[in-house]
């Protein structure tokens, strides 16, 4: 059985939905009002309430963007301190996206699901799939891409992999949680087309194709109403339009009004505080029902969704004894996450084929950079992981080279230690009076002592670099900057790293630059001077070993950027065209919504590469860019229309020169792109073929081109492969606000086949 078939819904052949619903109705009749309410709110920081009388268990949740989080007490954010909750540290979602490999996304999900069940969890709170709209979003490292199609293609196998283990994935944050600045109190105003084309497709795919069992509402407001209480978002779109019958969970402390939350489709309220009985959907809801201000039938519906999830996860019912047990910290898991990491590294630049380095006869090597020895697992906010181990770049390099090579390490730059305790970070993070600006400004405050240390470390590193032939400089960000709760105010490198890189390159132009970050950084000051730049995400426990494998040629890099790399933060459309991070509310707006600021998404559909192409804004590295140690040649590129499918769609759904994309035809194949790919180099490699679609004569404003297909192939040196990429009719569509549907215009379309957004090998024209 392949993974596309192995979903949580398989066993419904044994127990049909009708039967489950019937059993749920019987249970509802047995539950008291108080018991029902207990089930729909947190009874601990990561548990909902149980009903022991009826053998209904609590729902056990865990944060999980990069692994299963360590254990916490019922009512404290200070970890328990167990010795048995170390886990496999997985690559970030950005790393998964950089692989452009659906099978690897599935395998990463399998690891996550097995580890979650192995730790006794019912829901793993991930994956995060919010659009990378702002290149300085502190939480971008948890997310996948700026492109909705790439997200949609990777989140589905990831979810299926997780849920194979009888544990629910919880896709988040629904929706438009695209910044950390004022994340709890920013109201987003957005046009319907941008919402449908850019920000919702990943979630829609997660629901309709991934069968995701739970979904987390976001902190922010949309059109004046908080997401976890938002009728338009949760009822009209999620429940009614998409037919979602899974469990909706609030983000922690994202519920603000008892009546609004009770009437919304939200099922479980969670929060960061310990007064569990005082949550909005706790005692206040019971009082509201008794006063006639809330309906018990609304509570019944919430409990129904929770019980349905429990049946599907085999938490209750006849199949409970068959529920999978899971496992964690297995050798197989470590192997799988290493495999994901191997395909996530992106070779941005490699002049003169500087990489790979030869380790034969290598007598000495200099490694520079705080990031070479820094460990990242226990950082980033709720993404923190108590890793069984984490191989740093320095450890990976030294352990693989062995004792015949002398590896010298110089720190190079100084990172000031945090002065503020992080014990209660999560609770503080939802403080309405939290001064985010003060935290950001504090990053820039440099004491004379810190400045002196940086000068000393930089001078020492530069001096050493001048006397070594081979130098590896590991720089970038860490979880002081890639962190939940705060955005960066620019994308420049912190800790005076630009100066360090420039001075090292001046004395040793052959230095290999390794950039470790989960977010875009500016490299414009020195990019042209560097011969080699290798991008490393937060790649999990085996990241250092994989880095060494790539540097010394045991692994050929095959990752490509899932996002654009602008020169400056101000170059992105959200800032150039929009209101980021938001403007103060007017007096009239204050009367209408519970928010601090409001932000109109004036960039609309022009997010990421769509903006840079439309407005001709140069970037450091484009979307889809990534080099290899070998070379690939494309030939015999063709694109043909499936005449029967298109004609059938036209005949049934034609309206004023546009094909209205009814649900029955959205996934029907409309065009087929074929080509031959040959590895023309001297070593094994993997290549990603990218297919974009555009319409130069469209009657509406449309991006120049948009990603609509891709395929990754593996080829030995000299080998060829015939590749076919099928494009559904949806690939040619846009969202028509008047018709409230996606439509495909009649006429000619351009199909771009390339190695990246900018490296297009051929443009084919087809007509619909």
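The values are calculated or read from the model by the stated rules, or taken from the named source; none is laboratory data. In this text the structure is predicted, and so the values were computed from the model without any measurement. A quick note on method: Cβ atoms are made from the backbone with ideal geometry, for glycine too, and the neighbour counts reach across all protein chains shown.
With the requirement that a residue be assigned to a loop (DSSP other than H, G, I, E, B) and surrounded by fewer than 18 Cβ atoms within 10 Å (Cβ to Cβ), what does region 274-315 give you? First the steps, then the outcome.
Going through region 274-315, the residues assigned to a loop (DSSP other than H, G, I, E, B) turn out to be 274-275, 279-282, 291-295, 313-315.
Matches in region 274-315: 274, 275, 291, 292, 293, 295.
Which residues, taken from region 90-114, are closer than 20 Å to residue 482 by Cα and either assigned to a loop (DSSP other than H, G, I, E, B) or without any contact (Cβ under 8 Å) to a residue 24 or more places away in the chain (or both)?
Keep residues of region 90-114 that are closer than 20 Å to residue 482 by Cα, which gives 90-98.
If the condition is that a residue be closer than 20 Å to residue 482 by Cα and either assigned to a loop (DSSP other than H, G, I, E, B) or without any contact (Cβ under 8 Å) to a residue 24 or more places away in the chain (or both), then 90, 91, 92 are the ones that fit.
Where in region 140-247 are there strands (runs of 3 or more DSSP E), lying wholly inside it, with at least 3 residues that are in contact (Cβ under 8 Å) with a residue 40 or more places away in the chain and under 22 Å from residue 340 (Cβ atoms)?
168-174
Restricting to region 179-201, what's the tally of residues that are touching a strand residue (DSSP E or B) at 6+ places or on another chain (Cβ under 8 Å) and under 18 Å from residue 579 (Cβ atoms)? Steps first, answer last, please.
Taking region 179-201 and keeping what is touching a strand residue (DSSP E or B) at 6+ places or on another chain (Cβ under 8 Å), we get 179, 182, 185-190, 192-193, 196-197.
Then drop every residue that is not under 18 Å from residue 579 (Cβ atoms), which leaves 179, 182, 185-190.
Counting residues in region 179-201 that are touching a strand residue (DSSP E or B) at 6+ places or on another chain (Cβ under 8 Å) and under 18 Å from residue 579 (Cβ atoms) gives 8.
Let me confirm something: among 355, 348, which residue is assigned to a strand (DSSP E or B), modelled with pLDDT of 95 or more and farther than 28 Å from residue 26 by Cα?
348
Based on this model, can you work out whether residue 641 counts as closer than 30 Å to residue 343 by Cα and not assigned by TED's automatic domain parsing to the domain that holds residue 194? If you could, list the steps in order and put the result at the bottom.
On the way: closer than 30 Å to residue 343 by Cα: no; not assigned by TED's automatic domain parsing to the domain that holds residue 194: yes.
No: the conditions fail for residue 641.
Please specify each residue of region 28-42 satisfying the condition of being in contact with a helix residue (DSSP H, G or I) (Cβ under 8 Å, 6 or more places away or on another chain), surrounded by 20 or more Cβ atoms within 10 Å (Cβ to Cβ) and outside any loop (DSSP other than H, G, I, E, B).
36, 37, 39, 41, 42
Among the listed residues 472, 550, 491, which satisfies the condition of being under 25 Å from the mean Cα position of the chain (by Cα), outside any helix (DSSP H, G or I) and modelled with pLDDT of 95 or more?
491 is the lone residue from the list that is under 25 Å from the mean Cα position of the chain (by Cα), outside any helix (DSSP H, G or I) and modelled with pLDDT of 95 or more.
Enumerate the strands (runs of 3 or more DSSP E) found wholly within region 632-688, keeping only those where 3 or more residues are closer than 30 Å to residue 550 by Cα and touching a strand residue (DSSP E or B) at 6+ places or on another chain (Cβ under 8 Å).
Working: elements: 632-641, 658-660, 669-679.
In region 632-688, 632-641, 669-679 are the strands (runs of 3 or more DSSP E) which contain 3 or more residues that are closer than 30 Å to residue 550 by Cα and touching a strand residue (DSSP E or B) at 6+ places or on another chain (Cβ under 8 Å).
Only one residue in 685, 709, 681 is closer than 29 Å to residue 632 by Cβ, touching a residue at least 24 places away in the same chain (Cβ under 8 Å), in contact with a helix residue (DSSP H, G or I) (Cβ under 9 Å, 6 or more places away or on another chain) and not assigned by TED's automatic domain parsing to the domain that holds residue 613. Which one?
709
Return the residues of region 586-601 that are part of a helix (DSSP H, G or I) and within 18 Å of residue 228 (Cα to Cα); say none if nothing qualifies.
The answer is 592, and nothing else.
Output the residues belonging to region 73-105 that are farther than 22 Å from residue 563 by Cβ and in contact with a helix residue (DSSP H, G or I) (Cβ under 9 Å, 6 or more places away or on another chain).
Within region 73-105, 74, 75, 77, 87, 88, 89 qualify.
Keeping to region 544-568, report how many residues are surrounded by 21 or more Cβ atoms within 10 Å (Cβ to Cβ), within 16 Å of residue 611 (Cβ to Cβ) and out of contact with any helix residue (DSSP H, G or I) (no Cβ under 6 Å at 6 or more places or on another chain).
Counting residues in region 544-568 that are surrounded by 21 or more Cβ atoms within 10 Å (Cβ to Cβ), within 16 Å of residue 611 (Cβ to Cβ) and out of contact with any helix residue (DSSP H, G or I) (no Cβ under 6 Å at 6 or more places or on another chain) gives 4.
Consider residue 513 against the criteria (1) in contact (Cβ under 8 Å) with a residue 60 or more places away in the chain; (2) buried (at least 24 other Cβ atoms within 10 Å of the Cβ): it satisfies all of them except one. Which criterion is unmet?
Of (1) in contact (Cβ under 8 Å) with a residue 60 or more places away in the chain; (2) buried (at least 24 other Cβ atoms within 10 Å of the Cβ), only one is false for residue 513: (1).
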